[in-house]
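The values are calculated or read from the model by the stated rules, or taken from the named source; none is laboratory data. Remember, predicted model here, so these are calculated numbers, not experimental data. Here the Cβ positions follow ideal geometry from the backbone for every residue, glycine too, while neighbour counts run over all protein chains shown.
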Amino acid sequence: MTKTNYIVLMLCCILYACNNDENTIQLDNSLASLVDTNEIEINNVIACASGSKSDQNTIITYVYPRPGVTDIRYYETSGIDVDKDNYQNYMHIDIESSDFFNGYLKKFIITEEKWVIITFFEEGKLHLSNPIRLKHITKPTEFTNEVAITTVIEAMPSFSWNDGFIDDNRIYFQLVSDTDDELLSGTYTFQKQFQYYKLDNVVLNITQGTPPQLDLMDSYNFTLMGVSEDNWVNLFIEKNFTP
């Protein structure tokens, strides 16, 4: 082999190796890869998942995109029998989110039981949700309208409820919206009670600004999600009411 041929062969080997490295990087869609290249904040994305009221084979994952966040991504595992805390087990799935409550929340539609983590960027940092256990078959979400609504103070109704068939809820997410699905307030409590708009027992508040006073002549909607420790919605309540 001549010296010239040897040099050409070596250059081809180097270019081949570089191309392989690039392909490896492009094909590495794991959450671990994203985490390794960014400053992160864990457990700082509000997200959960439920079954579907209209289709027992559908799962809906919800996320609250705080104002100003970018690049919302959906990561899932290959199944449920994996280490949920190992980011290498989560792969990016390129699916579009859709609006819930006119975009106040976002939702992803999926069909299989897995572990899920939702991410987005905020102020230059990568933020990650807690792992979400999808289990529409294992523990189907119970949909009901059973909630007690009372008015002790005018235009400030109080809502109270009980757990359903499954009682491992750890926190309750309450949403009050108008008939156009504009969200007025979004709050979390550990107790099975919430009064609009008192924050005495609220442990997390995603309401943007001060919600309006309810009009006694108008109709509104109350939505509740009873969420387990692994962020699955066991109980989903929807009820129309007048204050």
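Based on this model, can you work out whether Gly103 counts as in a loop (DSSP other than H, G, I, E, B), under 29 Å from Ser185 (Cα atoms) and touching a Leu at 6+ places or on another chain (Cβ under 9 Å)? Let's see the steps before the verdict.
Numbers: in a loop (DSSP other than H, G, I, E, B): yes; under 29 Å from Ser185 (Cα atoms): yes; touching a Leu at 6+ places or on another chain (Cβ under 9 Å): no.
Here the answer is no, as Gly103 does not meet what is asked.
Test Glu112 against the stated conditions and say whether it is surrounded by fewer than 15 Cβ atoms within 10 Å (Cβ to Cβ), assigned by TED's automatic domain parsing to the domain that holds Asp168 and of a type outside the set (Phe, Trp, Tyr).
no
Got a number for residues in the range 189-217 being surrounded by fewer than 18 Cβ atoms within 10 Å (Cβ to Cβ) and in contact with a Pro (Cβ under 8 Å, 6 or more places away or on another chain)?
Residues flagged as surrounded by fewer than 18 Cβ atoms within 10 Å (Cβ to Cβ) and in contact with a Pro (Cβ under 8 Å, 6 or more places away or on another chain) within the range 189-217 amount to 3.
Exactly one condition in (1) assigned to a loop (DSSP other than H, G, I, E, B); (2) within 22 Å of Phe194 (Cβ to Cβ); (3) not small (Gly, Ala, Ser) is false for Asp83; which is it?
So the condition that Asp83 fails would be (2).
Restricting to strands (runs of 3 or more DSSP E) lying wholly in the range 181-242: which have 1 or more residues that are touching a Gly at 6+ places or on another chain (Cβ under 6 Å)?
Numbers: elements: 183-189, 193-195, 202-205, 220-228, 233-241.
Answer list for the range 181-242: 233-241.
Please determine whether any residue of the range 129-150 is exposed (fewer than 15 other Cβ atoms within 10 Å of the Cβ) and closer than 22 Å to Val45 by Cβ.
no
Just to be sure before I move on: is Asn38 under 17 Å from Lys139 (Cα atoms) and either acidic (Asp, Glu) or assigned to a loop (DSSP other than H, G, I, E, B) (or both) in the structure I sent? Break it down into steps so the answer makes sense when it comes.
Values: under 17 Å from Lys139 (Cα atoms): no; either acidic (Asp, Glu) or assigned to a loop (DSSP other than H, G, I, E, B) (or both): yes.
No; evaluated as a whole, the condition is false for this residue.
So which residues in the range 160-179 are loosely packed, with under 15 Cβ neighbours inside 10 Å, part of a loop (DSSP other than H, G, I, E, B) and not hydrophobic (A, V, I, L, M, F, W, C)? Walk me through how you get there before you give the answer.
Here is the first cut: in the range 160-179, the ones loosely packed, with under 15 Cβ neighbours inside 10 Å are 160, 162-163, 165, 167-168, 170, 179.
Subsequent filtering for residues that are part of a loop (DSSP other than H, G, I, E, B) retains 162-163, 165, 167-168, 179.
Asn162, Asp163, Asp167, Asp168, Thr179, listed by residue number.
Looking at the range 89-121, which of its residues are under 20 Å from Glu229 (Cβ atoms) and among the aromatic types (Phe, Trp, Tyr)? Talk me through it step by step, then tell me what you get.
To start, the set of residues in the range 89-121 that are under 20 Å from Glu229 (Cβ atoms) comprises 89-90, 113-118.
Within the range 89-121, Tyr90, Trp115 meet the criteria.
Can you report the number of residues in the range 90-142 which are in contact with a helix residue (DSSP H, G or I) (Cβ under 6 Å, 6 or more places away or on another chain) and of a type in the set (D, E, K, R)?
Residues in the range 90-142 being in contact with a helix residue (DSSP H, G or I) (Cβ under 6 Å, 6 or more places away or on another chain) and of a type in the set (D, E, K, R): 0 in total.
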